[in-house]
Structure formats: structure tokens, C-alpha cells
Amino acid sequence: MRNRYFILAVFVVTIMAAWAQAPNKTGDYYKGANGKKGYALKTALHKAISKHTTLNYKTMHSHYTTTDKRPDGKIRDRYSKITNYTLDNVNKGSNSIEGGQLNKEHSFPKSWFNEATPMTSDIFHVIPSDAKVNNERSNYPFGENKGEIFSSSGGYSKVGLCTVEGYSGKCFEPNDEWKGDFARIYFYMVTCYEDVVKGWSSAMLDGSSDRCFTPWALKMLMRWAADDPVSQIEVDRNNAVYGVQDNRNPFVDYPGLEEYIWGSKTDVAFNYEDYDGAEPIPYGPEEPDTPETPDTPDTPAEGEVEFMKVASAADLETGKGYLMVYEQGNMALAASSTQYSEYRTCTPVTIAGEKIITKVDEKDMPRMLILGGKQGAYTFFDTVEKVYLAYTGSKNNLNASTNSQDEEAQWQVEFSGGNAVISNCAAEERIIYFNASSPRFACYSSSPQEQIALYEAQLKETPDDPESTAISTMTAKNVRTIGVYTLDGRLAGSSIDSLPHGVYLLRTTGRTVKILR
């Protein structure tokens with residue numbers, strides 16, 4: 001009997017281990033695709049995901065509170081940035097103004113598949129969207145354009161003549177934040193419905209059941225998927241749809257899976273348990289609720305720093321510490337993302353008037369960035385990660401550099417309406433914004449997100465002799481040194497011991513001290 005229990009226990013542990021090995025607790029859901037390559041892999045995935053529950057189109061929007069609910073309880077809209085819909089807004093209100101009515105949008109237009117079932121009610125691609133923008137989208141293919149025909153509020157999504165090589169007709173361009181999501185939805189559609197896709201008609205489709213997409217569309221979708229990797233929002237929605245419709249999107253479960261079918265890995269065998277692909281990017285806490293505002297003390301407590309809002313470029317001072325803040329959401333720039341240093345996470349702060357009192361540079365605390373350089377070529381130095389904020393790519397990133405002399409690590413800072421416009425010197429069209437839909441700080445160009453403000457640390461220069469106003473001669477033995485800087489704000493090192501004689505700014509816990517070595 002004891003042996004029986006032992007065998008049973010081993011069996012249960014083995015099953016649990018096998019279940020845990022697949023992504024998102026999918027177990028052996030994709031086992032039938034194991035070892036497959038290229039289009040054969042696509043067919044195997046089709047067999048795994050095509051058998052699913054067919055939802056009732058008339059009532060399917062009731063599931064949006066499960067699949068597409070924002071933390072504030074409203075419905076997420078991927079076409080407009082100004083809506084705050086609930087289910088009460090579905091097909092009610094005005095569809096002639098943005099923000100007037102909520103629709104169920106076939107992001108893969110239903111006219112392409114002749115409004116046939118079960119595609120017409122597949123919640124993977126039937127998303128909630130603003131009715132006005134939905135109407136403007138019509139059944140145009142996805143693409144990239146200049147928005148000369150229509151732009152939603154803030155240029156969030158656009159209609160115009162396609163600028164992607166290979167197609168010049170009218171197209172609809174979603175916001176950069178959702179391009180990868182829509183690419184993976186399109187990969188799902190042609191995989192899930194591989195057995196009928198040949199009969200569909202669109203400028204994006206080639207009439208085949210293997211490649212499915214026309215060359216220009218496939219190239220664009222692959223680029224969108226790479227530039228906007230899988231996010232936690234997608235992972236959560238995939239799991240929620242599985243609970244509603246009983247199937248999954250493998251291109252979300254296995255980031256980069258499209259490369260195995262249409263891209264650079266078509267000769268690589270797929271392994272559902274030991275997958276060799278990109279990991280989903282953790283986008284930090286998904287749209288955190290605005291924290292309750294507690295009573296704010298007038299003076300900093302031990303370990304806290306007081307920051308005041310900066311309203312003019314003339315008030316910027318190199319060597320001082322600054323916070324980047326999205327004021328409406330009470331969010332401050334924090335650490336680099338855990339796995340990828342391609343954007344900055346955020347953390348809540350309390351704003352009282354134009355003052356913030358907070359600890360900095362600790363876990364889950366804002367990062368105080370040291371301003372260096374000069375007007376027109378400022379630098380922002382992170383003393384924890386010992387890097388300068390930089391923009392080094394072509395995506396919606398906020399990168400890092402170890403060299404303050406690189407033009408990519410230099411920034412122009414201007415002010416408009418109380419907000420700081422921080423543009424990169426190497427790519428002036430790239431400005432640091434806050435992304436409220438996927439909370440983080442990053443650089444954007446054609447599709448601005450939320451503007452930010454700068455807050456300056458009120459750290460006093462503290463000489464050894466409190467009665468002296470002269471430069472202090474001191475050592476760092478009795479304080480925790482965070483960084484030593486030249487007078488123009490460039491990092492000189494973490495210790496004064498090895499530096500040549502001169503005047504430096506010593507950044508320590510809670511204060512900045514001007515020292516003479």
C-alpha cells in the first residue's frame with residue numbers, strides 16, 4: 001500500500017512538472033505540433049486551436065469585462081485613446097463622434113471571409129472599439145500611412161494611402177502600441193482557419209493556405225510583431241479568451257513563433273516544452289489604479305527627498321537630481337525593465353501641489369536622474385544602474401548608454417504648458433513620453449502618448465563647517481557615496497580617492513556636497 005501511494009505521488013508530481021514546463025500552464029495543449037517545422041507546424045497548430053466554442057455574436061460583448069477590462073473597470077479600446085466605455089455603451093449613443101459609442105470590431109474584417117461562422121464571432125479578433133474610428137477604418141487592410149484621410153484623437157490611429165512598399169491603396173494604421181498584438185491576431189486567424197482561408201479575399205491575402213499573406217503584408221506583420229513583442233496584456237487576454245472560447249493563440253504563448261513558420265527559423269523543429277524563442281516582455285503593473293492620496297508631510301522624513309516641479313529650461317541645473325513624472329497618473333520613472341533595458345518602468349508617487357516627497361533609488365522607488373551636459377545636449381544619469389538615458393534604436397524604446405559623449409545619450413529639454421519636452425539629439429523626432437495603456441516611459445515619434453514633467457531635487461550643498469560658505473574640503477568616509485561628478489554633471493566615478501585634484505560634486509544619501517579634493 002505504501003508503494004502504491006509512492007507511485008501515485010510520483011505520477012502526480014510528474015504530471016505537474018510536465019504541465020508547468022509549457023508556457024502559461026498550457027500543459028500538452030500543443031503536443032501535436034512537437035517536432036514540426038514551417039508550414040507543417042502551422043497545420044499542426046491549426047489542429048490544436050481550430051476546435052473551439054462558437055460564441056453568440058449578439059451577446060459576445062458580455063465577455064469583454066473578462067477579456068478586455070482595464071484596471072479602472074472600463075473597457076480597453078485599441079483604436080482610440082480617449083474612450084472610457086462600459087458595456088452599457090455597446091451600440092448605444094452617437095457613432096458620429098469619437099467617444100460616443102462602443103462597437104464590436106472585426107479587426108480582421110468580416111467581409112474578407114463573407115461574414116461566415118465561426119470567424120464572425122471569434123473573440124480573438126472581434127475586439128471592443130470606438131464606433132466612429134471603427135467606421136472610418138471600414139474594411140481597409142492594415143498598413144502604414146500619413147493620416148491624410150482620417151486621424152483619431154491625438155493621431156492614435158490613422159487612415160490614408162499606404163506607404164508600405166508593395167501596396168498603395170487606402171489602409172488603416174493602428175497605434176504602435178498594438179501593432180504587434182494585431183499581427184499576432186492575424187497570424188492566429190490564418191492558422192486557426194487554415195482549412196478555409198483560401199476562399200478569403202483581401203489585399204493582405206494571397207489565396208493560399210500555407211503562406212496566406214501577400215509579400216508586402218507578411219513583411220510588415222513580421223516587422224510589427226518584432227517591434228512590438230508580446231506583452232503581459234496579451235498574455236492575460238489569451239488566458240481569458242481560453243476560459244471563454246476554449247482555444248488559445250499560440251503566437252502569444254510562444255513569442256516569436258511566426259519565425260518558425262514564415263521567417264528565419266523555418267528549418268528549426270518546434271519544441272512545445274523547451275521552446276527557443278523570445279520571452280514575453282513584462283510591461284510592469286498593467287495600468288495601475290491611481291493610488292489614494294495620503295496626507296503629505298511638509299518636510300522629508302529620514303531617507304526621503306523633496307522635489308519641486310520645474311517650469312522653465314532656465315531653472316535646469318547640471319549636477320542636480322530630477323524625477324520624470326506623469327502627473328495625471330501620479331507615476332514616476334523607475335528602473336529599467338527586468339529582462340529588457342528597452343524602456344523604463346514606473347512607480348506611484350504622491351504629488352502635493354507642485355511638490356513630491358519620496359525615497360529614491362531603492363526597490364520600487366523612483367529613479368533620481370542626475371542632469372549633466374549642457375543646454376541642447378543634456379544627459380540624464382542613473383546612479384543605480386550607472387548608465388545614461390539614451391535612444392539607440394528605431395523602436396518605441398528608452399535605452400541606456402555608458403558614454404555621455406554619445407549623441408544618442410544627449411537630450412534637448414524644452415518646456416510647454418508645464419510639461420517637459422525631452423527630445424533625443426540623435427533622433428529629434430523621438431520624445432520621452434509615458435504610455436498609460438502599457439505603463440512605462442519610452443520614446444515615441446508619430447504617435448505621442450502622455451506628456452511628462454520634471455521635478456528637481458531640493459538637495460542642499462552642505463559644507464563641513466555650517467558657518468562657512470566656502471567650498472568644503474572633506475572625505476567620503478562618513479557618508480554613503482552614490483556618485484562623484486564634475487561641475488558640468490558628468491560622472492567622474494564612485495569614489496573621490498582615485499580622482500585628480502579639483503572641484504567635484506559628491507552625490508551622497510540625501511544630499512549633494514560640493515567638495516575640493
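Assorted remarks:
- Positive minus negative residues near A335 (Lys, Arg vs Asp, Glu; Cβ under 13 Å): -1
- The Cα atoms of the stretch 142-267 give a gyration tensor whose axes a ≥ b ≥ c have a/c of 1.5 or more with a/b no greater than b/c, which makes the shape oblate.
- Formal net charge of residues neighbouring K219 (Cβ-Cβ distance under 14 Å; K, R +1; D, E -1): -3
- Taking amide H as placed 1.01 Å from N in the peptide plane, F172 has its amide H under 5 Å from the amide H of F142, G143, each at least 5 places away in sequence or on another chain.
- For the stretch 358-367, backbone phi angles converted through the Karplus equation (6.51, -1.76, 1.60; θ = phi - 60°) give residue-by-residue couplings of 7, 6, 9, 6, 10, 4, 6, 10, x, 9 Hz, Gly and Pro being listed as x.
- Here's how it looks for A420: its modeled amide H is under 5 Å from those of I452, A453, L454, which are all 5 or more places away or on a different chain.
- Dipole magnitude of the stretch 26-171, debye to nearest 20 (Cβ charges: Lys/Arg +1, Asp/Glu -1, about Cα centre): 460 debye
- A Förster radius of 25 Å, combined with the Cβ-Cβ distance separating E362 from Q328, puts the computed FRET efficiency at roughly 0.50.
- Calculated FRET value between S201 and E414, using beta carbons and R₀ = 51 Å, to 0.05: 0.55
- The label-point distance for K374 and A313, in a model that sets each label 7 Å from Cα toward Cβ, rounds to 1.4 nm.
- Environment charge of K395, counting only residues whose C-beta is closer than 12 Å and scoring Lys/Arg +1, Asp/Glu -1: -2
- For the stretch 105-115, backbone phi angles converted through the Karplus equation (6.51, -1.76, 1.60; θ = phi - 60°) give residue-by-residue couplings of 9, 7, 4, 9, x, 5, 5, 5, 10, 6, 6 Hz, Gly and Pro being listed as x.
- Residues whose amide H falls under 5 Å from that of V164, counting only those 5 or more places apart or on a different chain, are E144, with hydrogens built in the peptide plane.
- In the context of the full set of protein chains, the stretch 309-425 has a per residue accessible area of 39 Å² (1.4 Å probe).
- Karplus-derived HN-Hα couplings along the stretch 40-57 (A = 6.51, B = -1.76, C = 1.60, θ = phi - 60°), whole Hz, x at Gly and Pro: 5, 5, 4, 5, 5, 5, 4, 5, 6, 10, 6, 8, 9, 6, 8, 7, 7, 4
- For the stretch 51-205, the solvent-accessible area works out to 38 Å² per residue, with a probe of 1.4 Å and every protein chain left in place.
- Taking a ≥ b ≥ c as the square roots of the eigenvalues of the Cα gyration tensor, the stretch 50-194 is oblate, since a/c reaches 1.5 or more and a/b is not larger than b/c.
- Long pairs among K74/K158; K74/K355; K42/K92; K31/K58, criterion Cα-Cα beyond 32 Å: K42/K92; K31/K58
The values are calculated or read from the model by the stated rules, or taken from the named source; none is laboratory data. None of the values given here were measured: they were computed from a predicted structure. Neighbour counts are summed over all protein chains in view; Cβ atoms, including those assigned to glycine, are modelled from backbone coordinates with ideal geometry. Only protein heavy atoms, including side chains, enter the accessible area calculation; ligands, DNA and RNA are left aside. Shrake-Rupley method; radii C 1.70, N 1.55, O 1.52, S 1.80 Å.
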